[in-house]
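Peer 1: Attaching a single structure in structure tokens format; questions to follow.
Here, each number is a calculation from the coordinates, and none is a lab measurement. The structure presented is a predicted model; accordingly, all values stated were derived computationally and were not measured. Here the Cβ is made from the backbone with ideal geometry for all residues, glycine too, and neighbour counts use every protein chain on show.
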């Protein structure tokens with residue numbers, strides 16, 4: 001996200017923010033998650049029929065923090081709470097398996113959502129040919145949800161050092177394979193997530209090879225706009241909002257952090273930089289000025305969510321750039337002309 005005219009990564013937000021975002025902490029060990037962020041609470045499932053004495057509510061349950069008493073959401077009877085310590089233990093197992101070091105974590109919405117990141121060792125870094133110092137570092141990321149809306153996830157995330165662009169480092173797997181949903185068989189899903197995670201970690205080199213291939217493919221300014229027309233289609237020839245978006249990304253193609261304005265690698269990073277740092281940057285600046293912690297926390301939570309809107313745009317951009325030999329000019333329908341008497 002963009003803070004104080006800088007592209008800031010998830011784990012560095014407090015260093016560059018005008019305010020310390022509530023619930024965001026640097027961590028170095030598992031116990032910090034409990035000592036610094038207070039994740040030692042459990043989530044209770046309370047039958048609303050029993051709580052209210054009204055049998056018509058028997059099929060609904062409230063999710064409640066057993067320490068603060070905060071009620072997070074109302075769910076159905078099939079929903080099974082998964083406790084912080086159960087997911088943290090699983091994340092720590094994966095972290096140790098790959099030699100990752102804890103980096104940062106955050107609590108959002110009074111504990112109903114949590115994120116944790118650990119950095120993988122240097123052997124998972126990759127240097128783009130002909131771009132000295134342009135590296136990609138891989139992270140382990142976990143999202144915990146107690147609000148009945150998001151699923152728990154453990155997944156690899158990559159970050160480009162030059163501009164702090166982030167993207168979910170999945171290869172061929174569906175984003176659903178990373179989700180641990182709140183059903184009674186959640187422990188089986190956890191084993192599947194570990195298996196899928198291992199497969200993707202082992203495939204990271206293939207993804208980095210794709211990135212190197214992108215850097216070897218030149219793209220003209222005209223073809224860049226054709227690509228953007230496919231990624232962000234215009235409703236009609238007078239779609240000013242999309243024209244502005246195309247122009248903003250085209251500027252980042254040449255002037256974005258670490259970009260040279262030459263290759264499809266520059267085009268991909270122009271999109272990721274726009275999505276991560278420039279889109280809604282005015283709202284972020286206003287949120288910081290007004291100390292709107294809730295908006296900032298929601299923005300943090302959306303940065304790397306697998307399968308989320310931001311992730312889908314980045315994934316579609318990568319698929320287009322790696323799979324399209326040449327971008328042709330998209331057909332845009334003429335603007336409708338309204339004639340008034």
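Peer 1: Fully extended, how many nm does the chain gain between residue 209 and residue 312 (0.36 nm per residue separation, minus their Cα-Cα distance)? Intermediate results must be reported in sequence, preceding the final value.
Peer 2: Values: separation 103, 0.36 × 103 = 37.08 nm, distance 2.08 nm.
Length difference between fully extended and current span is 35.0 nm.
Peer 1: Relative to the present Cα-Cα distance, how much length would full extension add between residue 26 and residue 45 at 0.36 nm per residue of separation?
Peer 2: 3.8 nm
Peer 1: Also: Please list 261-273, 92-104 highest first by mean number of surrounding beta-carbon atoms within 10 Å per residue. Intermediate values should be presented prior to the final figure.
Peer 2: Working: 261-273: 24.1, 92-104: 17.2.
Final packing ranking: 261-273, 92-104.
Peer 1: Further question on the same structure: Given R₀ = 30 Å, FRET efficiency for residue 36-residue 71 by Cβ-Cβ distance, to 0.05?
Peer 2: Values: r = 24 Å, r/R0 = 0.81.
Efficiency at R0 = 30 Å is approximately 0.75.
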